[in-house]
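Participant: Sharing a structure here in structure tokens format.
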Amino acid sequence: MTELEIVSEVVDHEATYRRSRRAASRKQSVKLNKEFGKTILKTKVWPALVWSIVLSFCSVVNPLLTSFATNIQTQNLYAGMAMMKGQIPYGDFFGTSGLLFYLLALLGNVGGNFIIFGVLQFIALLIAGVYFYKIIAYFSRSEKVALSASHWFYIFIFALGFGGLYAEMFALPFILTSIWFLVRYFENAVTDEEFILYGIDAALVFLIYPKSLILWVVAGIVLVVYNVQHHQVARGFYKLLAAVFGFLLILYSVGYYAFEAQVLGTAIQQTFLYNLRLDFQHATVLMDLTIVILFLLLSGFVKNAIHTLFSFRQEKYTYIKVLMLLVFTIQLIFIVGSAHFQWSQLVLLLPYGFVMAVIHNQEEHEDTNSSYARRHFFLPVFIGLGILVQPAYIYLVQGGLRADRQEVAQYISSQTENSDKVYAWDNSAGVYISSQRLSAATITTAEPFLNTDENVNSLIYDLNKSEAKYVVVNKYISMLDKVKTILESQYKAIQTTDHFIIYQKNE
């Protein structure tokens, strides 16, 4: 054998050895952690089942509680009613929630009432609670902690979203299933193909409450860092393609409705661009900031975040900790910067706040986390007030307003045909719902969406068309000068109650 042949054989042998090492390395990297399932505590479903029933029974779909609905809740109920009458979201009425949420509202209005909407909410809360229990039980390694946290999770939802039907609540199951997916992924307990389901989750939450997509955006960055550090860039790209495929699979299926209805552009503007608009100079920003800070302090979420931040030296669950802190902080920024803040937006903080409560110090769970209220003395008072204040205020302080609104709706119903349109300058869509009449404008109420020039111009344009046979005006809500001009020139006042003036279109 010549020297050249010997060298060639050595080189070939070395190349073969390297290829075998790389193949073995790849085989090792895709080997799943089969021990992960053995570390998971058995999931208790009954807390989620019981609380989901309670919250859904106390929803404003209950005829006894419908009059307690907030402005946003009445608009969500109106959306279902309007779509049953043939209207299209974003085109015929303004909406900041995703298209799938309005399709759920449509389904929830089948039969002429809102009971099915409550059933859909029950399903969403049940799934969210089951996966919340899984996550807390995994990090705490304690059934007692998971059970206690589950109760508080639902109590917080009850207080922040009293009456239900908020889009944020329908987004919760997809947020929690994706957090659980990421927990399993960082423990190497999911296959690459399962990223299709992860992408589907992202699409569903985007089509329900677009602002919730922050989790997937931040998680994408964290996953890139994770894959680079673990030398699996190619696999990471494959997972990205799988997630994109799952996302587009749902987006194209549901989005075809918007394309067919020719409202795709307005849907993007109202749900995505409007929700991402930040305004830290609006009139109520200081009040909103004060409410958020009090919530964070009394709930203990600030302390949870600080403890999580200082727990990185433990070098455990690092990627999940980074993800929870980043998403929690960014969600806070969007909540405070929203010009139409409402309590229900704080529901989006619950998954991250509670995970940070159990992830930073596993050694002390049995002693300190078994009772969440024990560590936050004012929490029971705060939650109790949150649950009781809203219905008490509406019942005791706004009792006359509710009665007047019902009286006006009955008058409108008796004086109009089903095809007639009306308009209510009010902080509720209750007049439309009770009278079963559609709004003559895409901006259905005086609050909270008249905070942009585009929306004001849209309202004036719609009212100038004089399609409203009657206009109902809440005397205690400041009116735009242009709306006053339209009423003076095209309508006449025919009836007055303690809270409302009814205007009829000139013949």
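The values are calculated or read from the model by the stated rules, or taken from the named source; none is laboratory data. The structure presented is a predicted model; accordingly, all values stated were derived computationally and were not measured. Cβ coordinates were reconstructed from backbone atoms using ideal geometry, including for glycine residues, and neighbour counts include every protein chain displayed. To get the accessible areas, we keep the full protein, side chains included, count just its heavy atoms, and leave off ligands, DNA and RNA. Shrake-Rupley method; radii C 1.70, N 1.55, O 1.52, S 1.80 Å.
Participant: In segment 117-142, which residues have a backbone nitrogen under 16 Å from the label point lying 7 Å from GLU187's Cα in the Cα-to-Cβ direction?
Facilitator: Within reach of a label on GLU187: 131-142.
Participant: What percent antiparallel are the DSSP beta bridges of the chain, to the nearest 5?
Facilitator: In the chain, approximately 55 percent of DSSP beta bridges are antiparallel ones.
Participant: Sort 118-130, 293-305, 389-401, 74-86 by packing, meaning the average of other beta carbons within 10 Å per residue, with the highest value first.
Facilitator: 74-86, 118-130, 293-305, 389-401
Participant: Can you give the calculated 222 nm mean residue ellipticity of the chain, where each DSSP H run of n ≥ 4 adds -39,500 (n - 2.57) and the sum is split over every residue, rounded to the nearest 500 deg cm²/dmol? Kindly include the intermediate steps, with their values, before the conclusion.
Facilitator: Details: 20 runs with 300 residues, N = 507.
-19500 deg cm²/dmol, from helical runs alone.
Participant: If I compute solvent accessible area with a 1.4 Å probe over the protein chains, what percent of it on the chain is carbon and sulfur?
Facilitator: Values: 14850 of 23540 Å².
Carbon plus sulfur share of accessible area: 63 percent.
Participant: Here is a further query. What is the list of residues in segment 482-504 whose amide nitrogen lies under 15 Å from a point 7 angstrom out from the Cα of ALA403, following Cα to Cβ?
Facilitator: Under 15 Å, as judged by backbone N against the label point of ALA403, lie 497-500 of segment 482-504.
Participant: Probe 1.4 Å, all protein chains in place: accessible area of GLU454 in Å², nearest 10?
Facilitator: Its accessible surface works out to 100 Å², give or take rounding.
Participant: Grab the beta carbon distance between SER413 and LYS475, set R0 = 30 Å, and tell me the FRET efficiency rounded to 0.05. Intermediate results must be reported in sequence, preceding the final value.
Facilitator: Values: r = 21 Å, r/R0 = 0.71.
According to the calculation, E is roughly 0.90.
Participant: Can you tell me, using C-alpha contacts under 8 Å and at least 6 residues apart, the relative contact order of the chain as a whole percent? Walk me through the numbers on the way to the answer.
Facilitator: Details: 694 pairs, mean separation 81.7, N = 507.
Computed value for the chain: 16 percent relative contact order.
Participant: Note down the accessible area of SER419, probe 1.4 Å, to the nearest 10 Å².
Facilitator: Looks like 100 Å² after rounding.
Participant: Still on this model: Taking amide H atoms as placed 1.01 Å from N in the peptide plane, list the residues 5 or more away in sequence, or in a different chain, whose amide H sits under 5 Å from that of TRP425.
Facilitator: So TRP425 has HN proximity to VAL472, VAL473, ASN474.
Participant: Based on the Cβ-Cβ distance of VAL389 and VAL233, what FRET efficiency does E = 1/(1 + (r/R0)^6) give at R0 = 51 Å, to the nearest 0.05? Show your work: numbers first, answer last.
Facilitator: Details: r = 53 Å, r/R0 = 1.03.
Calculated transfer efficiency: 0.45.
Participant: On to the next question. Taking the simple approach of a point 7 Å from Cα along Cα-to-Cβ for both LEU147 and VAL254, what is their distance in nm?
Facilitator: So the two model labels end up 3.6 nm from each other.
Participant: How much length would be gained if the chain were fully extended between VAL224 and GLU315, taking 0.36 nm per residue of separation minus their Cα-Cα distance, in nm to one decimal?
Facilitator: 30.9 nm
Participant: Enter the Cα centre distance for the pair segment 436-487 and segment 155-220, rounded to the nearest angstrom.
Facilitator: Cα centroid to Cα centroid, the span is 36 Å.
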